[in-house]
Structure formats: structure tokens, C-alpha cells
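The structure appears right after this line, and notes come after that.
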Amino acid sequence: MPTVASIMAELKKKGSEKTRTIYARHGMAGKPMFGVSIADLKVISKTIKGQQAVACELYATGNLDAMYLAGMVADGSKMSAEQLTTWAEGAAGLQMISEYTVAWVAVENAQGRELAKQWMKSKQEHVASSGWCTYSGLLATKLDTDLDLAEIEGLLSTVVKGIGSAQNRVRSTMNGFVIAVGSYVKPLLKQAKASAKQIGDVSVDVGDTACKVPLATAYIQKNEAAGRIGKKRKTIRC
């Protein structure tokens, strides 16, 4: 059975300078990493599927590749609120982790919504980003009847009022939240489109990359034209 030590050795073996450079250009320069491709991480994840303790140990290493792998393997429903918050707080400077990995597991947890609301208010950029991404994930996976539509509408107003002064990655995830409301919550499509129009083009520093922040109005309109509004996902894991 694979151990954390053997998995870390495998990650080191699979790492490449090319991938490390890509991650660095996305703002994660100087962080512990081997530079393992997502494709290779997916292969490794299959060898430790269901090993919750190993996943948690991997996350605790602070290594980007190990942390991302942990999110592929861990079952968020089996984690405590304290564990999830530790994961969110431990992702400083690692947007791949704060905006993807943390949200993946938090969405699976019974306390995911409350944690998302709590994290959104954090003054730590990466924690607040995890909050917005987690709530967006809930919108994508939960039935509308299980969502608090009034609360979501209130959060749209929060975005409109606060996105201009929000921290860099928080602006990006707030914009993503508006898109998620418009794409997945059909009863609030009109409100999401109005909010998207109000926030317009959102400026975000995406590092030394060609990445672009999606224009919420256009993104929602594209999904609407394709007949995808309100179609939920089984999981938000990539």
C-alpha cells in the first residue's frame, strides 16, 4: 500500500520544470512544488482512492502537488469544519488550492454553506476566495429547492457593491459566483444577468499568463443560448 513517503517520491519523479514554470506564471512562484501535471496526478489518485488519512497527510505537507492530489482523493463529507478551515487557511498563495481543492471538499460537507459564508468575510484573500468558490460549487451541485434563494440574491448585491474594492483573487471568484448563479440557479437568472451587467468587465491580475477573466454577461448569455441554464453537476472536481 502506498505511503505518504512513497507518494511524495513518485510526485518528485513526475515533476517537470515546464509545469513548475506554468504554475509560477500563475502567481505561485516560490511555493513548494515538484510541478506535476494534472494528468499524472489523476493517475496517482487512483492508486490511493479512499485513503482519507493519506490524503490529509498529503495536504499537510504544504507541497502544491501533494495538496492538489489530496483534494482529488479526500472525502469532504468525512472532514470536520475545523479540518476544512485548516485547509482553507493553509492555501495562502496557492490559488489552485484555495479556488479548487478547498472548494471540492467543502461542497461535499454538511457545513459547506456555513463555512462558505464565514470564509467570504475573511480579510485573507485566499480564504475569502475559497468561500466564494465553495458557494459557487454548491449552486452547481445542489437542487434549487435545497438552496436559500433570498440569501443568494443578497450575495449578488454584496458582489455588486463590493467587487470594485475587493482583493485581486476575490474579484475573480466574485465574478465566478455571479456566473454560477446565472448558469445554475434558473429562478435567479434575471437577477444574475442584472448583476453581471452592473459589474461589467472585472479587472484581475492573472500574472504572466494569457488568461482572461470571463465577462459574466457574455458567459451567462452563452449558457442560456445553449439551453444549459439550471443544469446541475454531479461534482465540481476537475
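The values are calculated or read from the model by the stated rules, or taken from the named source; none is laboratory data. Note that this is a predicted model, so its numbers are computed, not measured. Glycine also receives a Cβ, built like all others from the backbone with ideal geometry; neighbour counts cover every protein chain displayed. Please note that ligands, DNA and RNA were not included when accessible areas were found on the heavy atoms of the full protein model with its side chains. Shrake-Rupley method; radii C 1.70, N 1.55, O 1.52, S 1.80 Å.
Find how many whole Å separate the alpha carbon centroid of segment 1-36 from the alpha carbon centroid of segment 147-194. Result: 34 Å between the Cα centres. Taking only the C-alpha atoms of segment 174-238, the Rg (one decimal) and the largest Cα-Cα distance, Dmax (whole number), read 12.5, 38 Å.
Between rounded, prolate and oblate, where does segment 1-99 land on the alpha carbon gyration tensor, with a ≥ b ≥ c its root eigenvalues, rounded for a/c under 1.5, else prolate if a/b exceeds b/c?
On the way: a/c = 2.04, a/b = 1.18, b/c = 1.73.
Oblate, because a/c is 1.5 or more while a/b does not exceed b/c.
At a probe radius of 1.4 angstrom, the accessible area of segment 1-155 per residue rounds to 45 square angstrom. Dipole size of the chain about its Cα centre, with +1 on Lys/Arg Cβ and -1 on Asp/Glu Cβ: approximately 660 debye, rounded to the nearest 20.
Here segment 6-145 has 53 percent of its accessible surface on carbon and sulfur atoms, given a 1.4 Å probe and all protein chains in place.
Each residue of segment 213-223 is assigned a 3J(HN,Hα), and the resulting list reads 6, x, 6, 4, 4, 5, 5, 5, 4, 5, 5 Hz, derived from the Karplus form 6.51 cos²θ - 1.76 cosθ + 1.60 (θ = phi - 60°), x at Gly and Pro.
Arrange the peptides 58-69, 192-203 so that the one whose residues have, on average, the most other Cβ atoms within 10 Å appears first. Write out the running numbers ahead of the final one.
Working: 58-69: 22.8, 192-203: 18.1.
Result, highest mean first: 58-69, 192-203.
Probe of 1.4 angstrom, ligands and nucleic acids ignored: what's the accessible area per residue over segment 170-238, in square angstrom? Could you put the intermediate results ahead of the total?
Values: 3900 Å² over 69 residues.
Accessible area per residue: 56 Å².
Can you bin segment 29-71 into rounded, prolate or oblate? Criterion: square roots of the alpha carbon gyration tensor eigenvalues sorted a ≥ b ≥ c, rounded for a/c under 1.5, prolate for a/b above b/c, oblate for the rest. Since a/c reaches 1.5 but b/c is at least a/b, the shape of segment 29-71 is classed as oblate. Cross-link partners for K46 among the aspartates and glutamates, with Cα-Cα distance under 20 Å and sequence neighbours closer than 8 places in the same chain left out: E10, E57, D65, D75, E108.
Classified by the C-alpha gyration tensor, the chain has a prolate form. Its axis ratio a/c, with a ≥ b ≥ c, is 1.5 or above, and a/b is larger than b/c. Computed per residue of the chain from DSSP H runs no shorter than four, each worth -39500 (n - 2.57), the mean residue ellipticity at 222 nm is -17500 deg cm²/dmol.
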